[in-house]
Amino acid sequence: YLYTRRKAMDYKEIISQVLKHEGGYVNDPTDMGGETNFGITKRWYPDLDIKNLTKEDAVEIYKKDYWDRYKLDEMPTNLQHIYFDMVVNMGARNAGKIMQRACKAKGCDIEVDGIVGSGTRKAIKNCNLENDRVKAYRIKYYCDLINKKPEQEKFFYGWVRRSLEV
């Protein structure tokens, strides 16, 4: 999976891939997101009927609350899919830190604060950040998470597989 060039994907292709990774309804007490359907969690949407959420509703939530809110249209097209998938899977702050760490490792002078504003977007473009570097830092994030929360290790294989597929 590593060292592959990906063609740019549009929102429809990206959301389709994210929904495939997220799957349907799950209520695993050890999952940090809690009750989840299509990746939409009760933790972040407490007033939503998660169990009866439709795929169409999930797509709408992702467009408004993730794609538009985090300005994915302003991200380089070769990184939109991986950044969006990380925002969905681990939250915007963690996804931002991964992007910033990957830039910093390429020599960019950038603060790792998790906030992806115009400075981070500029650094990402200027350092020509590539998918494989982001994938590596994403996997490192999961390893660090498991070191802090060993009960999450049961999700590790799926996280790594997902990281390599995007």
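The values are calculated or read from the model by the stated rules, or taken from the named source; none is laboratory data. Every value quoted in this text rests on a predicted model; they were computed, and no experiment measured them. Cβ placement follows ideal geometry from the backbone for every residue including glycine, while neighbour counts extend to all protein chains displayed. Each accessible area value is taken on the protein alone, full model and side chains, heavy atoms only, with ligands, DNA and RNA left out. Shrake-Rupley method; radii C 1.70, N 1.55, O 1.52, S 1.80 Å.
If you take the beta carbon distance between residue 16 and residue 147 as r and set R0 to 45 Å, what does 1/(1 + (r/R0)^6) give as a FRET efficiency, to the nearest 0.05?
Values: r = 33 Å, r/R0 = 0.73.
Once the sixth-power term is evaluated, E becomes 0.85.
Averaged across orientations, what area in nm² does the convex hull of the alpha carbons in the stretch 14-60 project? All intermediate terms of the calculation are to be shown ahead of the outcome.
On the way: hull surface 12.5 nm².
Across all orientations, the stretch 14-60 yields a mean hull projection of 3.1 nm².
Mind checking which of 100, 157, 66 is farthest towards the positive end of the chain's charge dipole, using Cβ charges of +1 (Lys, Arg) and -1 (Asp, Glu) about the Cα centre?
Ranked along the dipole, the leading option is 100.
Convert each backbone phi in the stretch 79-91 into a coupling constant with the Karplus relation 6.51 cos²θ - 1.76 cosθ + 1.60 (shift: θ = phi - 60°), then list the ³J(HN,Hα) values in order as whole Hz, x for Gly and Pro.
Listing the rounded values in order: 10, 4, 5, 6, 5, 4, 4, 5, 4, 5, 6, 10, x Hz.
Over the stretch 27-128, give the accessible area per residue in Å² for a 1.4 Å probe, as an integer.
On the way: 5330 Å² over 102 residues.
Dividing the accessible area of the stretch 27-128 by its residue count gives 52 Å².
Normalising by the residue count of the stretch 68-166, find the relative contact order in percent from Cα pairs under 8 Å and 6+ residues apart.
25
What trypsin sites (Lys or Arg not before Pro) in the stretch 66-134 are in a loop by DSSP, with at most 14 other Cβ atoms within 10 Å of the Cβ?
Here the sparse-neighbourhood loop sites are 69, 71.
Name the residue farthest towards the positive end of the dipole of the stretch 1-81 from the options 78, 14, 30, assuming +1 on Cβ of Lys and Arg, -1 on Cβ of Asp and Glu, about the Cα centre.
Farthest towards the positive end: 78.
Just to compare against my own numbers: the Cα pair-distance distribution for the stretch 88-153, 10 Å bins, whole % per bin, please.
Result, from short to long distances: 23, 52, 21, 5 percent.
How much length is gained on full extension from residue 64 to residue 28, taking 0.36 nm per residue of separation minus their Cα-Cα distance?
10.3 nm
Which value results for Rg/Rh of the stretch 44-136 when Rg is the Cα radius of gyration and Rh the Kirkwood radius based on the inverse mean 1/r?
Numbers: Rg = 14.4 Å, Rh = 13.9 Å.
The Rg/Rh ratio comes out at 1.03.
Ordering 40, 146 from largest to smallest accessible area (1.4 angstrom probe), what's the sequence?
146, 40
Rounded to the nearest percent, how much of the accessible area of the chain (1.4 Å probe, protein heavy atoms only) is carbon and sulfur?
50
List the residues whose amide H sits under 5 Å from the amide H of residue 113, counting only those 5 or more places along or on another chain, with H placed 1.01 Å from N in the peptide plane.
Counting only residues 5 or more places away or on other chains, the set is empty.
Translational diffusion coefficient of the chain at 37 °C, 0.692 mPa s, Stokes-Einstein with Kirkwood Rh over Cα pairs, in µm²/s as a whole number.
Taking Rh from Cα pairs, D becomes 201 µm²/s.
For the chain, what is the charge dipole size about the Cα centre, in debye to the nearest 20, if Lys and Arg each add +1 at the Cβ and Asp and Glu each add -1 at the Cβ?
Working: 30 positive and 25 negative charges, 141 e Å.
Computed about the Cα centre, the dipole is about 680 debye.
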